[in-house]
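Read through the structure below, which is laid out as structure tokens, and then see the notes.
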Amino acid sequence: MYKTLSIKTRLLLYGIAIQAGVLLLFGYSLYKTLELSSKERLQTSLKVIVLDIYDDLAEHTQIEDIELDEEGEYEFTPLFMRVSRVVEGGLQTVKATAFPEEVASVEPSKLPLRKVRFSQSGSYITAALRVRLAGEELLIETATSYKLLNDTLKNLFYSLAFITPIILLFATLGAKFLIRRSFAPVRELITRLRGIEANNLSSRLPLRGSEDEIDALSKEINGVLTRLEEAFERVSQFSGDISHELKTPLTAMRSELEITLRKPRQRQEYEEVMRSALEEIGTIEEIVHNLLFLSRAKLQRNLPKERVELGTLLSQQCRLLQDQAQQRGVALRLRGVGEVFVRGYERLIKIALYNVIHNAILYSDRGTAVAVTLGKRGGRACVTVSDEGVGIDAEHLAHVTKSFYRVDRSRTRHTGGSGLGLAIVQKIMEQHGGKLELESQKGVGTVVTLLWE
Amino acid sequence: MRLLLVEDDKKIAKTLQRGLQEEYYSVDVSHDGKEGLYLATTNEYDVILLDLMLPSMDGVNLCKALRRKRVHTPVIMLTAKGEIEERIEGLDSGANDYLPKPFAFEELLARIRVQLRTPEQGGDTLQVADLVLDRGKKQVSRGGVPIRLTAKEFALLEYLLRRKNAVVSEGMIRENIQSLDEDSSSNVISVYIYRLRNKIDKPFDKPLIHTLRGIGYRVGEDV
Ligand SMILES: Nc1ncnc2c1ncn2[C@@H]1O[C@H](COP(=O)(O)OP(=O)(O)OP(=O)(O)O)[C@@H](O)[C@H]1O
Ligand SMILES: [Mg+2]
């Protein structure tokens, strides 16, 4: 339940709790201080009067002679005084001003000699002193009612009890106002954020130029939006490319089948069309296969890297492509230097090698050579494939590793494939902690380097 | 009817060319943008079918260049890019229609027919006097009487009707009716004209097909 409260409500509740606590503490200490200090003052006065009476007694030889009403000089009301003689089995009053009945006398035996002690009974406070004077034991008592003090304290209590909630109420209203005010930009932020959907990721939160926390937050959110937008763009570009790539073979197949079906034809013609359709299906399959391969986040799940010998794999791939090279009139040569071991996945390395050598053959003119070299560079295993083919313009070079990127976008299916080859190679090399490097000059040739970890 | 197909994918181009020829269109094919533009500006076509992604010059630029050169042949763009923005860009560059790939061949035919419609003809029909040709239904009738024509005769009649009241030379006919080229004996066109006359003019009072000796033919009511 508490967790579901909004920050605003929580802040308000905290505020109220803290203010209530502070007010209570303040009221309590005010009350206590007043109570204690007043009581102390009363006690001091009573003590002084007791001592005065004692002095008075000491001056008189006859105890009965003292005049207690002399003490009227203390402007202190109500003041009750009593002097008693301590006798066997009780007290005998010597002199007293209308000492209230309800004030119980202290048991003199419990009192230390010559020490003023205070006691309280009912709403009276009493100071008592036991003294020995001329062989007699006397008890001097002064008392006062602190009813007045009590009344004052009671009044204070009532006014505090009345005023505290009012203060609290105003403080709460004030806090609420402040919180509302400082949360207004947050509310605005939320409204704006709510309006942002996948199709308008280009909208940004406005900065208020105040450089405060809200602005900082807006900036961060804008940053996230920018990154999201880019990612989204890439994805939709990618799916656009996919559909475009698939539409070409589909169009070829559909037109061919429809046109063939429009009228009866020779058996041989049907066979031709079916073969051609199969070819298109092959193309589609290859695209789908490559796409699946690329879209997998990890190319090899949970498998440990193994020791792979590159020399053997290279000659194997070269042998595989030799026929195609010959057909295109390209001389494919492998220059290896013994065995080079890397840690990796054999299946993936084969695909990478095949793709780059295949590209070199595909984008070369008749009568040129493709050289495949295996070696080491800075202690790292390194395969270079260099050709004397068409080369890649500087403006395209940075992009050819992107999915579906082809320099000559239109010559789709007759030279090369769908433009996924180098993207796949790049991904494979990344997975091996290595990299793919391309160097090229248009009309001169291309050098592709695969560098392992 | 003479069409120009500019499409870089050789297989698609070949297939469409064959399909259109079987519909008695004369089809020229180019796989390259600049070559396509050259053909479109030098020859006279009834409709141009244009792919967007082309080597040397893309379809949108080709179309713009064509319109700049004041060639107003109807252009139908064929492309795998089907996004609305791309369609708009294509149409804005001066194309008359836009057909996203993959398309049904029947639809392509229908859209070509739309482009072939002249303003005064509402639908797919062509008419001279009481002779009516319906390209969609592939029917011809005169004064309400249906006339059965072979596909080749139909194509020839359509060509003549589209240029009604104008003189058309044998050369023009040969260039525009692909199917007549197949057996290229020199008098093949006059043979077809003769057959057409037998079916269209003979049974009726007023002849509509006129021969201008040494010049060509003309379809229309007598002046
Ligand atoms: N050795 C090379 N010489 C010249 N251009 C190249 C070379 N290798 C790649 N390219 C260019 O880079 C583009 C992308 O290559 P990539 O291998 O990714 O795709 P592809 O070969 O077109 O298709 P795929 O490999 O998917 O069948 C190619 O279309 C080509 O234009
Ligand atoms: Mg490739």
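The rows are residues; the columns are (1) within 30 Å of B:Leu54 (Cβ to Cβ); (2) away from ligand 1 (no atom under 11 Å from the Cβ).
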position	(1), (2)
A:Ile351	no, no
A:Asn359	yes, no
A:Gly367	yes, yes
A:Val383	no, yes
A:Gly421	yes, no
A:Leu438	yes, no
A:Leu450	no, yes
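Take the range A:167-199 and flag every residue that is open to solvent by 50 Å² or more (accessible area, probe 1.4 Å), free of Cβ contacts under 8 Å to residues at least 24 places away in the same chain and closer than 30 Å to A:Glu233 by Cα.
A:Arg187, A:Glu188, A:Ile190, A:Thr191, A:Arg192, A:Arg194, A:Glu197, A:Asn199
Among the candidates A:Val390, A:Val340, single out the residue that is of a type outside the set (Phe, Trp, Tyr) and touching a helix residue (DSSP H, G or I) at 6+ places or on another chain (Cβ under 8 Å).
Being of a type outside the set (Phe, Trp, Tyr) and touching a helix residue (DSSP H, G or I) at 6+ places or on another chain (Cβ under 8 Å) holds for just one of A:Val390, A:Val340, which is A:Val340.
Going by what's in this entry, would A:Ala371 be described as more than 7 Å from ligand 1 (Cβ to nearest atom), of a type in the set (A, V, I, L, M, F, W, C) and either part of a loop (DSSP other than H, G, I, E, B) or open to solvent by less than 40 Å² (accessible area, probe 1.4 Å) (or both)?
yes
Please enumerate the residues belonging to the range A:144-181 that are assigned to a helix (DSSP H, G or I), within 30 Å of A:Thr97 (Cα to Cα) and of a type in the set (Ser, Thr, Tyr).
Passing the criteria: only A:Thr152.
Which ones in the range A:385-404 are in a loop (DSSP other than H, G, I, E, B) and either more than 9 Å from ligand 1 (Cβ to nearest atom) or open to solvent by 40 Å² or more (accessible area, probe 1.4 Å) (or both)?
Narrowing the range A:385-404 to residues in a loop (DSSP other than H, G, I, E, B): A:388-393, A:398-404.
A:Glu388, A:Val390, A:Asp393, A:Ala398, A:His399, A:Lys402 - these are the residues of the range A:385-404 that are in a loop (DSSP other than H, G, I, E, B) and either more than 9 Å from ligand 1 (Cβ to nearest atom) or open to solvent by 40 Å² or more (accessible area, probe 1.4 Å) (or both).
For the range B:66-87, enumerate the residues that are at pLDDT 90 or above and under 28 Å from A:Ile242 (Cα atoms).
Of everything in the range B:66-87, those that are at pLDDT 90 or above and under 28 Å from A:Ile242 (Cα atoms) turn out to be B:Val75, B:Ile76, B:Met77, B:Leu78.
Could you please find all residues in the range A:242-270 being open to solvent by 70 Å² or more (accessible area, probe 1.4 Å) and either more than 8 Å from chain B (Cβ to nearest Cβ) or touching a strand residue (DSSP E or B) at 6+ places or on another chain (Cβ under 8 Å) (or both)?
A:Leu257, A:Leu261, A:Pro264, A:Gln266, A:Arg267, A:Gln268, A:Tyr270
With the structure loaded, tell me whether B:Thr79 is more than 22 Å from B:Met172 (Cα to Cα) and either under 15 Å from the mean Cα position of the chain (by Cα) or surrounded by 17 or more Cβ atoms within 10 Å (Cβ to Cβ) (or both) or whether it fails that test. Even if it seems obvious, please write down each step before you answer.
Working: more than 22 Å from B:Met172 (Cα to Cα): yes; either under 15 Å from the mean Cα position of the chain (by Cα) or surrounded by 17 or more Cβ atoms within 10 Å (Cβ to Cβ) (or both): yes.
For B:Thr79, the condition - more than 22 Å from B:Met172 (Cα to Cα) and either under 15 Å from the mean Cα position of the chain (by Cα) or surrounded by 17 or more Cβ atoms within 10 Å (Cβ to Cβ) (or both) - is met.
Mind listing whichever residues of the range A:421-453 are crowded, with 16+ Cβ neighbours inside 10 Å, assigned to a helix (DSSP H, G or I) and away from ligand 2 (no atom under 16 Å from the Cβ)?
Correct list: A:Gln431 only.
Please name all residue pairs, on different chains or six or more residues apart, with Cβ atoms under 9 Å, provided the first residue is in the range A:355-366 and is hydroxyl-bearing (Ser, Thr, Tyr) and the second residue is open to solvent by 40 Å² or more (accessible area, probe 1.4 Å) and near ligand 1 (Cβ under 7 Å from one of its atoms).
Close Cβ pairs satisfying both conditions: A:Tyr363/A:Val390; A:Tyr363/A:Val407; A:Ser364/A:Val390.
Working carefully through the options A:Leu294, A:Leu313, A:Leu303, find the one that is assigned to a loop (DSSP other than H, G, I, E, B) and within 21 Å of A:Ile424 (Cα to Cα).
A:Leu303
If you scan the range B:1-53, which residues turn out to be part of a strand (DSSP E or B), away from every other protein chain (no Cβ under 14 Å) and open to solvent by 10 Å² or more (accessible area, probe 1.4 Å)?
First, the residues of the range B:1-53 that are part of a strand (DSSP E or B): B:2-6, B:26-30, B:47-51.
If we keep only those that are away from every other protein chain (no Cβ under 14 Å) as well, we get B:2-4, B:26, B:28, B:47-48.
B:Arg2, B:Asp28, listed by residue number.
The values are calculated or read from the model by the stated rules, or taken from the named source; none is laboratory data. A quick note: this is a predicted structure, and the numbers were derived from the prediction, not measured. FYI the Cβ positions are ideal-geometry reconstructions off the backbone, even for glycines, and counts take in every protein chain you see. Remember, those area values only see protein heavy atoms, side chains included, never the ligands or the DNA or RNA. Shrake-Rupley method; radii C 1.70, N 1.55, O 1.52, S 1.80 Å.
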